[in-house]
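The values are calculated or read from the model by the stated rules, or taken from the named source; none is laboratory data. Just so you know, these numbers come straight off a predicted model, no measurement behind them. Heads up, the Cβs are rebuilt from the backbone with ideal geometry, glycines too, and the neighbour counts pull from every protein chain shown. Just so you know, the surface numbers come from the protein's heavy atoms only, side chains and all, with ligands and any DNA or RNA stripped out. Shrake-Rupley method; radii C 1.70, N 1.55, O 1.52, S 1.80 Å.
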Amino acid sequence: MILQGKTAIITGATRGIGHAIALRFAKEGCNVAFCGRTHNEKMVAVEEELLALGITAKGYACDVADYQQAQDFVKQVLADFGKVDILVNNAGITDDAAVKRMTEEQFDRVMHTNLGSVFCMTKAIQPSMWRQGHGSIVNIGSVVGIAGNYNQANYAASKAGIIGFSKSCAKEFAARNIRVNVVCPGFIETEMTAEVPKELMDTWCSRIPMRRPGTADEVAQACVFLASDMCPYITSHVMPICGGMEDA
Ligand code: NDP
């Protein structure tokens, strides 16, 4: 179990990729503090699922794009768990439209949730990681942040911003043994992509050399590696998980 004895915060783990990351981490012996925007039945169910794997787990209601809520969340996790070794910034949203039709509100909301949350959570966790002299931050970007995409200029900009932000943090934090890396999923089957019409899904898959979407667990496995002590000299890295899609 390569994360045995470690504690991780995973944002947006009530479903999808974040949920898969929480499960993988727990199976590797990691204690897990996770969040979604509201404390609901789904959060309780995920908490129970993780506890059943024999680790310590707790779900918290936190809008990670809210600076003060992020501060309070991390403070509470440190009080409950004693330390945090790993932060996975996974929470994210889409609100697609062509630039011609995109409203300022649509642009701002996606930027603020996806990129603003990474800033808020990094600010909140940095002092304790700095003091303890180690840490691994894994930020979930997207291949769209590398290659761009139709109708996703807001989302692509937020994910490209995550890459620039992460590489800057990697430089600033390296001397304190805090690594910062980005995982960039391609087309992954989750609730976020469930609404994509079948014809469009087939078109997308035809452009993926592996000819299929990825699974949330395939993204989670990469996160385990980057979070673990198996790669102590890997920082500032951008890792596409995309079945070989072009441009990624
Ligand atoms: P889902 O929509 O399935 O899940 C998103 C999660 O984020 C939920 O748990 C949601 O919880 C949480 N969340 C959203 N906003 C906030 C917020 N402000 N504060 C706290 N939690 C929040 O998304 P996916 O699992 O598909 O995606 C996860 C990440 O992977 C995202 O960053 C996404 O951009 C990225 N990604 C996904 C791809 C895909 O193909 N699915 C491809 C590339 C990247 P709740 O609703 O309970 O608040």
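Structural remarks
- Within the range 74-100, if we keep just the residues that are closer than 28 Å to Lys27 by Cα, of a type in the set (A, V, I, L, M, F, W, C) and open to solvent by 10 Å² or more (accessible area, probe 1.4 Å), the residue that is nearest to the ligand (Cβ to nearest atom) turns out to be Ala91.
- Here Gln68 clears all of (1) closer than 29 Å to Lys27 by Cβ; (2) surrounded by fewer than 21 Cβ atoms within 10 Å (Cβ to Cβ) except the condition numbered (1).
Listed here are the residues, each with its yes/no results for (1) out of contact with any Ser or Thr (no Cβ under 6 Å at 6 or more places or on another chain); (2) open to solvent by 20 Å² or more (accessible area, probe 1.4 Å); (3) farther than 21 Å from Val84 by Cα; (4) within 13 Å of the ligand (Cβ to nearest atom).
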{"residue": "Arg131", "(1), (2), (3), (4)": "yes, yes, no, no"}
{"residue": "His134", "(1), (2), (3), (4)": "yes, yes, no, no"}
{"residue": "Ser142", "(1), (2), (3), (4)": "yes, no, yes, yes"}
{"residue": "Tyr150", "(1), (2), (3), (4)": "yes, yes, yes, no"}
{"residue": "Ala153", "(1), (2), (3), (4)": "yes, yes, yes, no"}
{"residue": "Ala156", "(1), (2), (3), (4)": "yes, no, yes, yes"}
{"residue": "Phe165", "(1), (2), (3), (4)": "yes, yes, no, no"}
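- Residue that is farthest from the ligand (Cβ to nearest atom) [pool: residues in the range 14-53 that are part of a loop (DSSP other than H, G, I, E, B) and basic (Lys, Arg)]: Arg15
- In this structure, Ala216 does not qualify as within 12 Å of the ligand (Cβ to nearest atom) and without any contact (Cβ under 8 Å) to a residue 12 or more places away in the chain.
- Of the candidates Glu195, Glu189, the single residue that is free of Cβ contacts under 8 Å to residues at least 40 places away in the same chain and within 9 Å of the ligand (Cβ to nearest atom) is Glu189.
- Of the residues making up the range 170-219, those that are more than 22 Å from Ile17 (Cα to Cα), open to solvent by 50 Å² or more (accessible area, probe 1.4 Å) and assigned to a helix (DSSP H, G or I) number 8.
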